[in-house]
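Quick note: the coordinates plus some simple rules give every number you see, no bench work behind them. Everything numeric here is computed off the predicted structure, so don't read it as measured data. Methodologically, a virtual Cβ is constructed for each residue, glycine included, from the backbone with ideal geometry; neighbour enumeration extends over all protein chains shown.
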Amino acid sequence: MRQFVKLNDIKDQFAAIGIGIGGMTYDKPEIIKTFDEKWGIDFPVLKDVELQHVDAWGIRNQEYGPGTFGYGIPYPGVVLISPEGEILAKWAEKGYRSRADWSEVLADVTTIISGN
């Protein structure tokens, strides 16, 4: 969820180019609430506690089985979705320690929506 802090810091730059943002996590609601309050996260966060979206999107990290620290953890990623629900681009990482670079994502999104 640390990526949410970084995203929160640059959300206005996405808003300036007409892009709304949201997050998704499999953490329990009380953890999410505490985190959001501590860091001032003020964009929508999907609470996928039952892992329905993680599994539907095929992004569950299968290296971690039931009872392990990382069970249910998804591969981190970013998806650009059109208002019609079409996936326009995605940035995904293997493992749970690697994350997309937000400045690169912002630059790519700007290029995609400007049509250049």
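Structural remarks
- Percentage relative contact order, the stretch 1-61, counting C-alpha pairs under 8 Å, at least six apart: 35 percent
- Taking label positions 7 Å along the Cα-Cβ direction at both residue 52 and residue 37, the computed distance is 2.7 nm, reported to one decimal.
- Computed lengthening from residue 87 to residue 61, 0.36 nm per intervening residue step minus Cα-Cα distance: 7.3 nm
- Efficiency of FRET between residue 110 and residue 24 - r from beta-carbon atoms, R0 22 angstrom, step 0.05: 0.45
- Structure-based [θ]222 nm, the chain - -39500 (n - 2.57) summed over DSSP H runs of at least 4, per residue, nearest 500: -11500 deg cm²/dmol
- Simple label model, 7 Å out from Cα along Cβ direction - residue 3 to residue 69, nm: 1.9 nm
- Taking max minus min of the alpha-carbon positions on each principal axis, the stretch 11-72 gives extents of 42, 26, 16 Å, largest first.
- The chain: translational diffusion in µm²/s, Stokes-Einstein, Kirkwood Rh over Cα pairs, 10 °C, 1.306 mPa s: 104 µm²/s
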